[in-house]
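The values are calculated or read from the model by the stated rules, or taken from the named source; none is laboratory data. All of these numbers come straight from a predicted model, not from anything done at the bench. For neighbour counting, all protein chains shown are included, and Cβ atoms are generated from backbone atoms with ideal geometry for every residue, glycine included.
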Protein chains: 2
Amino acid sequence: MVTIYDVAARAGVSTATVSRVLNGLSVSADRAQLVLDAARELNYTPNRVARTLRRQLSELVALVIPDIENPFFTSLARGVADTAQQAGYSVVLCNTDGDVDKERQFLDVALSENIAGLVLAAAGPRSDVAEFRDRGRAVVAVDRPIPDADVDTVLIDNVGAGRMATRALWDAGFRDVACITGPVDIVTAVDRARGWQQVLDEVSDRPRVPGRLEHADFRVDGGRACMSHLLGLPDPPDAVVAGNNLVGVGALQVLSERGLSPADVGIAVIGDLPFSALSPDALPFVSLPTREMGTAAGAMLLERIAGHAGPGRRVVIPGELRAGETPRAATSA
Amino acid sequence: MVTIYDVAARAGVSTATVSRVLNGLSVSADRAQLVLDAARELNYTPNRVARTLRRQLSELVALVIPDIENPFFTSLARGVADTAQQAGYSVVLCNTDGDVDKERQFLDVALSENIAGLVLAAAGPRSDVAEFRDRGRAVVAVDRPIPDADVDTVLIDNVGAGRMATRALWDAGFRDVACITGPVDIVTAVDRARGWQQVLDEVSDRPRVPGRLEHADFRVDGGRACMSHLLGLPDPPDAVVAGNNLVGVGALQVLSERGLSPADVGIAVIGDLPFSALSPDALPFVSLPTREMGTAAGAMLLERIAGHAGPGRRVVIPGELRAGETPRAATSA
DNA sequence: AGCCTCGCAGAAATCGATTACAGGCTCAAG
DNA sequence: CTTGAGCCTGTAATCGATTTCTGCGAGGCT
């Protein structure tokens, strides 16, 4: 392990001078050259642990997400990494698996590692980031707000996304549109369902069929279970809004297994299906700009690390409807 | 920030005693209790940076992968995290995006952060982990071997997987089976193509059609491009082996867009399609035990961290063929 | 009684960087 | 010629833990 002492000895200067050269503080040109030569010859790399201990701030940024196997969050991760790495920070990703205890652990570790910043997609409604703020650490909430924490927040317009998906199905002629959304304690799930409900309240002149709102977990199996249940009803709906990408996959799988297509039972998905094996215009979906959400969160985090004060800001990014030409006929070719 | 000095002061003992209590070294019962009480009252958490600096070893394990958006690698990550977290290590994930320079950066950071161990799915054939070994850091290669490095390695039986996929198509009656695999500098891609070639060499009594092997990148767009090219040929193949999951998705998308199904052009995929929106037996695929690969790698890493010496071990895990009842008829219902 | 061993606890060194402080030098102004 | 300002530079403190070393006191053995 080559340390700053080795470099100092080789260059014939003090460690203070070496440190100053490497950090761009004023040092006479001749000595600076000696130090740079010595550092290169010894292949010196500063020890980040020592630097972090002294500076009380590391060059790491943590991104904590609830489901690493969901393309929604990995795309988000790409966005955060894009901005943070450009600024010289290394992004480390932590997967909580939706478990608030695991999340608590990761947050403790991040705090104790003196990380420069935290981007958090909270596992539940009770995440506590007060200690980060107390110690002046930058925090940005992404996808899911953190209650009672005055932090920068980047969100999807989930109500709007729910509205778009529902509207697309209604406009395509479906009249009994169900909704499979996520757990009741996840705000995004509730908001998307609210958008669905709003549209139905607006367009429908007759009383709606009860029991059309299902809460799955936000995974493929959850979508499968609820879709099977809906299709097994004596009076099944003629269309379904899938509350997220994975629920959509589950719903489509059930459809496919029963030999049905999105022309028979309408499906609109809130979220993208990058690995669906379907042509992109096989069904309507609301594309969510996850990567942009990540870059926005990363940019705000960098501003905070750079010292931006002031109250928490809030950015809401709209989804975008992408629909096949004629959903009903999309797969009939 | 509450430090060990605060705890020591409150308990009326020295910092050495606090440290010993918290690390389970022998301390008299009465003092131990004083320390524990003080630590609890102050809500003390040891500073990991200081600990790492002194111990020269952190409690972090790094997992470096080339594509975080590929479910293959995220599933792998789950496996590694499962084992490592049980042993008290926090896993941080680093996405190189297949870029050897980014990989180099992450490895430098990991080294400089004194991480306890590294699980590496190499971005290219020239990754250098010599420094890790020199400093006694644990390293495990996963999915892709690291040339010239004597490290533990966990691999898929890629040749075997290529064979299974090809055999499945042949057995289903396809006689002109092409192969879309990954870049020539990725060993897994070459091995899978080799398995394809082996089977064709064994079964075919007539000369094969040339130009049936395509090298895509290992992404959806790569699969799309090559599939389009193959289908556009004057004499297109009647079936295709997709070299990985994403290439398979791309190929299936092209098929779907052209109004074709896996009954028209046979497709066998090496890898799983967790988000395909197709029923699991719509087409034959070779399921790859990625999560098990991760747990195996994690277990070996922990052994090395615990001090296991000896030469690099090699574990090869076979894939498993999953085929629909009758591939040709799978989507005709 | 005297000596040795053993266990426990505190003082201080240590990990490897950054940085406050102080000393020395140069140069310009008075 | 003297004094002060300004710029480098080195010494040493510092970040917060762990761990070596040293010393103290109790207990056992001869």
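Computed values, structure above
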item	result
Residues of region A:20-43 satisfying the condition of being within 7 Å of DNA strand C (Cβ to nearest atom) and under 38 Å from the mean Cα position of the chain (by Cα)	A:L22, A:N23
Given (1) out of contact with any Asp or Glu (no Cβ under 7 Å at 6 or more places or on another chain); (2) farther than 19 Å from B:G248 by Cα; (3) surrounded by fewer than 18 Cβ atoms within 10 Å (Cβ to Cβ), index of the condition B:P125 fails	(1)
Test: B:P236 is in the same structural domain as B:G195 (by TED's automatic domain parsing), buried (at least 21 other Cβ atoms within 10 Å of the Cβ) and closer than 19 Å to B:G173 by Cα	no
Failed item in (1) on the phi > 0 side of the Ramachandran plot; (2) crowded, with 19+ Cβ neighbours inside 10 Å, with A:L169 passing the rest	(1)
Single unsatisfied condition, B:S276 versus (1) within 12 Å of chain A (Cβ to nearest Cβ); (2) in contact (Cβ under 8 Å) with a residue 40 or more places away in the chain	(2)
Residue in region A:282-290 that is within 21 Å of A:R224 (Cα to Cα), touching a strand residue (DSSP E or B) at 6+ places or on another chain (Cβ under 8 Å), surrounded by 17 or more Cβ atoms within 10 Å (Cβ to Cβ) and facing chain B (nearest Cβ under 9 Å) present	no
Single residue of region A:81-123 satisfying the filter (touching a residue at least 60 places away in the same chain (Cβ under 8 Å) and over 26 Å from A:L53 (Cβ atoms)) that is farthest from the other protein chains (Cβ to nearest Cβ)	A:T83
Tally of residues being at pLDDT below 95 and either of a type in the set (F, W, Y) or touching a Ser or Thr at 6+ places or on another chain (Cβ under 6 Å) (or both) across region A:133-145	0
Criterion: surrounded by fewer than 23 Cβ atoms within 10 Å (Cβ to Cβ) and not in a loop (DSSP other than H, G, I, E, B) - qualifying residue of A:R208, A:R224	A:R224
Restricting region B:1-52 to residues that are more than 11 Å from DNA strand D (Cβ to nearest atom) and acidic (D, E), the residue that is nearest to the other protein chains (Cβ to nearest Cβ)	B:E41
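Results for (1) surrounded by fewer than 19 Cβ atoms within 10 Å (Cβ to Cβ); (2) touching a Leu at 6+ places or on another chain (Cβ under 7 Å), shown as yes or no for each residue.
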{"site": "B:V13", "(1), (2)": "no, yes"}
{"site": "B:V27", "(1), (2)": "no, no"}
{"site": "B:D30", "(1), (2)": "yes, no"}
{"site": "B:L34", "(1), (2)": "no, no"}
{"site": "B:V49", "(1), (2)": "no, yes"}
{"site": "B:R54", "(1), (2)": "yes, no"}
{"site": "B:Q86", "(1), (2)": "yes, no"}
{"site": "B:N95", "(1), (2)": "no, no"}
{"site": "B:D99", "(1), (2)": "yes, no"}
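A quick yes/no check of all residues on (1) assigned to a helix (DSSP H, G or I); (2) closer than 23 Å to A:P210 by Cβ:
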site	(1), (2)
A:A149	no, no
A:V154	no, no
A:A161	yes, no
A:I180	no, yes
